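Just so it is clear, none of the values below were taken in a lab; they were calculated from the coordinates. The model shown is predicted, which means the values in this text are computed figures rather than measured ones.
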Amino acid sequence: MTLLISCPACQHRISARAIACPSCGHPTGTASAADRQGLARIAGGVAVSYISTTTLAGLALGVVMFVCAAAVLITLILSQH
């Protein structure tokens, strides 16, 4: 059975073992030292702050859109010669 707690930032119900809130990305501070190791700790802690899942999704979408726009422009430039 998983204990649920309220996120201190957005009040959504989250697991007490969560490293950060999946809704807003706020770090919970309740995770054990073993849970905080690895990729989640690295991805979640940037410049002593946190990145929300919405911010990460927006960043990934922006990169994909930039690459697609660059590919279209390169194709147009090369097809004119």
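Sequentially through segment 10-18, phi angles give Karplus couplings (6.51, -1.76, 1.60; θ = phi - 60°) of 10, 6, 5, 7, 9, 5, 5, 8, 5 Hz, Gly and Pro residues having no value and appearing as x. Applying 0.36 nm per residue to the separation of Ser6 and Ala57 and subtracting their alpha-carbon distance, the gain on full extension is 16.0 nm.
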